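**Q** This is the structure I want to talk about, given as structure tokens.
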Amino acid sequence: MSGKSQTKYVFVTGGVLSGVGKGISAASIGNILKSRGFKVNIQKCDPYLNVDAGTLNPGEHGECFVTVDGAETDLDLGHYERFMDIELKQSSSLMSGKVLQQVINDERAGKYLGKTVQIIPHVTTAIAENIAETANGFDVHIVEIGGTVGDYEGLSFIEAIRELAMKVGRQNCVFVHVVYLPYLGASGELKTKPAQNAVRELRGLGIVPDVLIARSEKEPTDDVVQKLSLFSGIEEDAIVLLPNARTIYEVPLTLENRGIGRVITQKLSLKSSKPHLKAWQDLVGRATDEYAPVVKVGVVAKYLNNQDTYMSVFEALKAAAWANNYQVDIEWIDAENVTEANAESMLKHVDGIVVPGGFGKRGLEGKIAAAQYALKSKKPYLGLCLGLQMGVIAAARNAGLTKANTIELDPNTPDPVINMMEDQKYIEKMGGTMRLGNYPCHLTKGSLARRVYGNDEVQERHRHRYECNNNYRDQYEKWGISATGQSPDGNLVEMIEAIDHPFFLASQFHPELASRPNKPHPMFLGFVKTLIK
Ligand code: GLN
């Protein structure tokens, strides 16, 4: 080690079940450490063989979160950014595919000349090195391992963090294990046995956890902590029970109240000041206010079976409502059921309409019909990426270009108002080849876009293959819309708005990714403010 101070590590693993809030727990630990003034970074390791999350199905895997530098990642990075109010980089997402690709490339390049290349030590070393590099320069680095301990495919990550802990010194590492306590209706109790086994499983792989987070859907009885402590060998002080919270944003406060911030900083010998959580407490107060008035937003979308698909969009809508001491009631409207004929009856009752991002043909006609209805009825509309493309098509069709389309839906349309981006036409590989990450956008003077941002140039995150066809731009005014956000050279349409409308605003980028629970994104804020009015 150099003379620089040693980065400390918090490793977060899971047992019993996945999907019980390991990501939220990791993000919450980040929150309470950052609130003590530490410089914290965080990283997600996923055992999938995919190289990134861009090619995963959002219906199965949830939203694909895009970082400012253009990585397509797991939605947990969205939790991290929101809970810690930081912008993460590509390096915060590590999937097995990326590691294996690197090891195999190195093998071909001759880096291991003469050696037998193996999972241990070559793959595990590559993982450990990647983690250490990402940690470099931070006081604390949090590493969440996806899946549950014992999964065949996750073993190399568990072994890698065990080796890394040995290398940097066990005293510089805290292992947090997140387990689940199932509820047995017949006996009316929360069972701890699966959690005990999950701790044993982790120990069997050479890692003794320091902190145990036990999720449950019911309120546990007092003896649960004692029981868990006795069987797992973890001090009672370092065990926290997490029954279902009123809002996920309550979790950092629960951890802090239980003393987990103190346990972690003490174990890591970090000199810690008092956490500053006042603003976060206020946020939780607003988020859980049951008596707040409500605005109703219809999200016209597909993937209706998975709440996680539009995670950042929902969180951005909530944040905008909370900032105004409102709650938002989000109604999912199945795009496949909306038509030009029934749009009014399906959407009349909502205060505003959101068309979020999406790929593929399914549901596109319904989204176009929803945008057509929003334009005609002057119902507030917020379009996010695909939502902009649908807005342009809607305006064109309302103005009489009834066959206007995107070539994503109809490659042979006579009016391709949305076209494949020029530099996308010759790309054959699907992974990591879209227009990704932050690009600047210039906002037109006097526009709604400029008013909501209060700024004339912004940087926003992108993830798309198609764009507005410039051959149609001189018709926009006739269609009643205006391209009020553009790339600095004017070549790409970044935002559109309807000219004579209280709020019809859409962006080619994804503003939801930059929104924070206590710092809602200006576009969402402007949208919700219009609904309140
Ligand atoms: N499918 C559209 C495109 O590729 C929109 C993408 C999105 O909404 N993220 O341009």
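The values are calculated or read from the model by the stated rules, or taken from the named source; none is laboratory data. Keep in mind the model is a prediction, meaning the values are calculated, not measured. For neighbour counting, all protein chains shown are included, and Cβ atoms are generated from backbone atoms with ideal geometry for every residue, glycine included. Accessible surface is based on the protein model in full, side chains and every heavy atom, while ligands, DNA and RNA are left aside. Shrake-Rupley method; radii C 1.70, N 1.55, O 1.52, S 1.80 Å.
**Q** Filter the stretch 59-73 down to residues that are touching a residue at least 60 places away in the same chain (Cβ under 8 Å), open to solvent by less than 10 Å² (accessible area, probe 1.4 Å) and closer than 19 Å to G21 by Cβ, then give me how many there are.
**A** Residues in the stretch 59-73 being touching a residue at least 60 places away in the same chain (Cβ under 8 Å), open to solvent by less than 10 Å² (accessible area, probe 1.4 Å) and closer than 19 Å to G21 by Cβ: 2 in total.
**Q** I would also like to ask the following. Among the candidates E428, E457, which residue alone is modelled with pLDDT under 95, open to solvent by 60 Å² or more (accessible area, probe 1.4 Å) and away from the ligand (no atom under 15 Å from the Cβ)?
**A** Residue meeting the stated conditions: E428.
**Q** For the structure I just gave you, tell me whether K44 is surrounded by fewer than 23 Cβ atoms within 10 Å (Cβ to Cβ) and not aromatic (F, W, Y).
**A** no
**Q** Another one. Within the group G233, G206, which residue is loosely packed, with under 15 Cβ neighbours inside 10 Å and either in contact with a helix residue (DSSP H, G or I) (Cβ under 6 Å, 6 or more places away or on another chain) or modelled with pLDDT of 95 or more (or both)?
**A** The match here is G206.
**Q** Name the residues in the stretch 107-121 that are in a loop (DSSP other than H, G, I, E, B) and surrounded by 14 or more Cβ atoms within 10 Å (Cβ to Cβ), would you?
**A** The answer is Y112, and nothing else.
**Q** Being loosely packed, with under 14 Cβ neighbours inside 10 Å, acidic (D, E) and in contact (Cβ under 8 Å) with a residue 60 or more places away in the chain, is that true of even one residue in the stretch 153-161?
**A** Yes - at least one qualifying residue is present in the stretch 153-161.
**Q** Still on this structure, I have one more. When residues of the stretch 271-300 are filtered for being open to solvent by 70 Å² or more (accessible area, probe 1.4 Å) and of a type in the set (S, T, N, Q), how many remain?
**A** Total meeting the criteria: 1.
Residue by residue, here is whether (1) free of Cβ contacts under 8 Å to residues at least 40 places away in the same chain; (2) open to solvent by less than 30 Å² (accessible area, probe 1.4 Å); (3) of a type in the set (V, I, T) holds:
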site	(1), (2), (3)
N306	no, yes, no
I333	yes, yes, yes
G357	no, yes, no
G363	no, yes, no
A371	yes, yes, no
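**Q** Here's another thing I want to ask about it. Select from the stretch 122-152 the residues that are at pLDDT 95 or above, part of a helix (DSSP H, G or I) and exposed (fewer than 14 other Cβ atoms within 10 Å of the Cβ) and list them in ascending order.
**A** E133
**Q** Which of the residues belonging to the stretch 344-381 are closer than 19 Å to K296 by Cα, within 16 Å of the ligand (Cβ to nearest atom) and touching a Ser or Thr at 6+ places or on another chain (Cβ under 9 Å)?
**A** Within the stretch 344-381, P356 is the sole residue that qualifies.
**Q** For the stretch 339-420, please list each of the helices (runs of 4 or more DSSP H) lying entirely inside it that holds at least 2 residues being charged (D, E, K, R).
**A** Details: elements: 343-347, 364-377, 386-398.
Of the helices (runs of 4 or more DSSP H) lying wholly inside the stretch 339-420, those with at least 2 residues that are charged (D, E, K, R) span 364-377.
**Q** So, in the stretch 390-409, of the ones that are near the ligand (Cβ under 10 Å from one of its atoms) and open to solvent by less than 10 Å² (accessible area, probe 1.4 Å), which residue ends up farthest from V299 (Cα to Cα)?
**A** T406
**Q** Being of a type in the set (D, E) and closer than 19 Å to P517 by Cα narrows it down to one residue among D76, D52; which is it?
**A** Unique residue meeting the criteria: D76.
**Q** Another question, if that's okay. Could you please find all residues in the stretch 88-102 being touching a residue at least 24 places away in the same chain (Cβ under 8 Å) and among the charged types (D, E, K, R)? Break it down into steps so the answer makes sense when it comes.
**A** Applying the first criterion (touching a residue at least 24 places away in the same chain (Cβ under 8 Å)) to the stretch 88-102 yields 88, 91-102.
Matches in the stretch 88-102: K98 only.
**Q** Further question on the same structure: Can you tell me which residue among R450, R473 is surrounded by 14 or more Cβ atoms within 10 Å (Cβ to Cβ) and without any contact (Cβ under 8 Å) to a residue 24 or more places away in the chain? Full working, then the answer.
**A** Working: R450 fails: without any contact (Cβ under 8 Å) to a residue 24 or more places away in the chain.
From the options R450, R473, the qualifying one is R473.
**Q** Tell me the residue from K227, K167, K218 that is over 29 Å from Y48 (Cβ atoms), in contact (Cβ under 8 Å) with a residue 24 or more places away in the chain and part of a helix (DSSP H, G or I), please.
**A** The unique qualifying residue is K227.
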